[in-house]
Amino acid sequence: MMLGRETRLGLVPIAPGRAYVWMLDSSAGPDRPPSEQLLDMLQERLSAFGFVVPEIAAQITEPSQIDFRALHWLLVPPPWGAGRAVLIGDAAHTTTPHMAWGVGLAIEDALVLADLVAQGVSPGEVAPRLSERRFERCRLVVDGSLQLSRWEREPDTPGADPGRLIGETFKALAAPI
């Protein structure tokens, strides 16, 4: 991960000679720019970085290689389902990437769901019991990520302390699920 003034850039190797590149840009608005502007917009933002970024940027030559998305979040109130239908992961709690724990929450959901089924919890009780065990932990990540997002857009906010918030959140996440 690389940090710029208004951007965070992640480089994820996926195969020899291939990488997944993501960028979190706090200056970008929620509206998708026209596709003919995406390449120039990305190249301009990538030009602020060094290391291997110029080499990677040179390989991004088509707007079709770029997926631009606004940040979204969701926290469904309990219960997370009805009858035999159960919501887990992003269907129940979508978070912005600021804590980088969204997939972790989804994996935890699956483990708790498996535990409830293994205990013989009836199908009609699975969703309420799942959300009872998971809601506050997921709320912690969703709310914390949103707060980090706000502070990123408004860095001069009085009392902003991202390090403290992240530390407290990850200390809480170290507790058993």
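Here are a few things to note about the model shown:
- Residue list for region 13-63, filter: more than 24 Å from Leu148 (Cα to Cα), in a loop (DSSP other than H, G, I, E, B) and under 22 Å from the mean Cα position of the chain (by Cα): Pro33
- Some residue of region 1-11 being among the hydroxyl-bearing types (Ser, Thr, Tyr) and at pLDDT 85 or above: no
- Residue identified as touching a residue at least 60 places away in the same chain (Cβ under 8 Å) and either small (Gly, Ala, Ser) or under 21 Å from Lys171 (Cβ atoms) (or both) among Val112, Val103: Val112
- Annotation: of all residues in region 18-32 being over 17 Å from His72 (Cα atoms) and touching a residue at least 12 places away in the same chain (Cβ under 8 Å), the one that is surrounded by the fewest Cβ atoms within 10 Å (Cβ to Cβ) is Ala19.
- Selected residue [surrounded by fewer than 16 Cβ atoms within 10 Å (Cβ to Cβ), at pLDDT 85 or above and aliphatic (A, V, I, L, M)] from Ala57, Ala70, Ala15: Ala15
- Residue pairs meeting the criteria (Cβ under 9 Å; at least 6 apart or on separate chains; first closer than 12 Å to Leu9 by Cα and free of Cβ contacts under 8 Å to residues at least 12 places away in the same chain, in region 45-61; second of a type outside the set (Phe, Trp, Tyr) and in a helix (DSSP H, G or I)): Ser47/Val53; Ser47/Pro54; Ser47/Ala57
The values are calculated or read from the model by the stated rules, or taken from the named source; none is laboratory data. These numbers come from a predicted model, not from an experiment. Neighbour counts are summed over all protein chains in view; Cβ atoms, including those assigned to glycine, are modelled from backbone coordinates with ideal geometry.
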